[in-house]
Every structure is written in C-alpha cells, then in structure tokens.
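Everything below concerns the one structure shown next.
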Amino acid sequence: QILSVLKLFPPDGSLFLSRCLECNSLLREASKSEAEGKVPDGVLERHDRFWKCPGCGKFYWAGTHCRAMMSKARELSASRNNLR
C-alpha cells in the first residue's frame, strides 16, 4: 500500500508531508515567531521553517523524524522503480 501512495505522492513532491497527522488538514507555513512558545526551545533554536495546522493548531518542523521518513520514502520509491 505504501508503494501505491508513493506513486501518487512522490517524496520530493510538494504534497508529501503536507497534511496534519492529527486531523488531516492541509498545513500552512508559519513564522518562527508564531511557533515561539508552541514548540520546544531547542527546536526553535535549530529550525527556521515551521508549519501550522489551521484545523487543530499543531506545529510541525523538518526535524529528524521528518528526514527519516523522507529517506525511507525515497528508498521505497527507488526499490519500486527497480522492480519494473
């Protein structure tokens, strides 16, 4: 199933990781000042780009979890392409 999803939403495309994991709303970019007090201080110090869910208010950033998911998705996409 993951291969079918990756075919529709390639990991390098703008739709990959563009929705809230809690409520599935489309994320919007948020300023660093908006994220202040809503994300851990260390995250605020290490990151400059943030996204906010307009539905539930949750904040996201491209941390290690995001990079790991992107890496795995690219790996799976490559293996799918090699099976053809």
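The values are calculated or read from the model by the stated rules, or taken from the named source; none is laboratory data. Remember, predicted model here, so these are calculated numbers, not experimental data. Glycine gets a Cβ as well: all are built from the backbone with ideal geometry, and neighbour counts include every protein chain shown. Surface accessibility is based on the protein's heavy atoms, side chains included, excluding ligands, DNA and RNA. Shrake-Rupley method; radii C 1.70, N 1.55, O 1.52, S 1.80 Å.
In region 43-77, the residue that is nearest to Leu27 (Cα to Cα) out of those that are in contact (Cβ under 8 Å) with a residue 24 or more places away in the chain and among the basic types (Lys, Arg) is Lys52. Within region 62-71, is there a residue that is open to solvent by 30 Å² or more (accessible area, probe 1.4 Å), touching an Asp or Glu at 6+ places or on another chain (Cβ under 9 Å), modelled with pLDDT of 90 or more and part of a helix (DSSP H, G or I)? No, region 62-71 contains no residue that is open to solvent by 30 Å² or more (accessible area, probe 1.4 Å), touching an Asp or Glu at 6+ places or on another chain (Cβ under 9 Å), modelled with pLDDT of 90 or more and part of a helix (DSSP H, G or I).
Pairs are defined by a Cβ separation below 8 Å, a sequence spacing of at least 6 or placement on different chains, a first member in region 31-42 that is assigned to a loop (DSSP other than H, G, I, E, B), and a second member that is open to solvent by 70 Å² or more (accessible area, probe 1.4 Å); the pairs so defined are Val39/Trp61. Filtering region 45-61 to residues that are open to solvent by 30 Å² or more (accessible area, probe 1.4 Å) and outside any loop (DSSP other than H, G, I, E, B) leaves Glu45, Arg46, Trp51, Lys52, Tyr60.
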